[in-house]
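Below you'll find the structure, written out as structure tokens, and then a few comments.
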Amino acid sequence: MMLNRTSKAVGPRAGRTSRMVAVGAMTMALALMAASPAVAHEQAQGGTPSATDARWAAMMVAHHEGGIEITEIALEKSDNEGVRAVATESQQDQQNELPTLRAIAAAGGLEPMTPPAPLARFNEQDLQRLRALSGAEFDRAWLDVLSSHHMGAIMMTDVALAGTAGAPAEELQNQIRDGQLKQVARMNELREELHVD
């Protein structure tokens, strides 16, 4: 796994949201690892995704759909140009990636998977909290929520990369990981601009 390199990206500010998402991501990461008795050495034949690739894609569909919902709230409520720019980019990326994720899952014989119930409830609580906020308070909370959401995807993808069978899953895994790390870095900059403690 490559968690050490990514875990610093959120920083100490994300608090309870970050901890809960990290627990949920690790639960899903363990589910990925359970897809094969030898994840790191798993190979598939003829372009078929590995069990790890297929499970990653099946779980990432719901994760992306949740991420898109988070971005929609920012585009409805925020007047901050930086927040709106990150929300727009993230929304477009995730919408564009969904068809390939669904195809990889289907090629592995899987339907999209829903998040674990505790994580789903926590995600809904976050959305309700965001809907109740406005102005700079909303922007700060939104940056925390989307940063933590992205870090969950990055952690899951780090695990999936260890068991990938190659393209197209590996290409998309690297695209998601690298793109979301850049967005997390930008959100950290926006936090500084908003003087977040």
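The values are calculated or read from the model by the stated rules, or taken from the named source; none is laboratory data. Computed from a prediction, not measured in an experiment: that's the story for all the values here. Cβ placement follows ideal geometry from the backbone for every residue including glycine, while neighbour counts extend to all protein chains displayed. The area values use the complete protein model at the heavy-atom level, side chains included, leaving out ligands, DNA and RNA. Shrake-Rupley method; radii C 1.70, N 1.55, O 1.52, S 1.80 Å.
Annotations for the structure displayed:
- Mean projection area, nm², convex hull over Cα of the stretch 125-196: 5.4 nm²
- Dimensions (Å) - the stretch 73-197, Cα atoms, principal axes, largest first: 44, 28, 23
- Across the alpha-carbon set of the stretch 44-96, the Rg to Rh ratio works out to 1.21, Rh being the Kirkwood radius.
- Area of THR71 that stays accessible when all protein chains are in place (1.4 Å probe, Å², to 10): 0 Å²
- Shape call, the stretch 56-133: gyration tensor on alpha carbons, a/c limit 1.5: oblate
- Shape of the stretch 84-127, Cα gyration tensor, a/c cut at 1.5: oblate
- Computed magnitude of the charge dipole of the stretch 93-197 (debye, nearest 20; Cβ of K, R +1, Cβ of D, E -1): 240 debye
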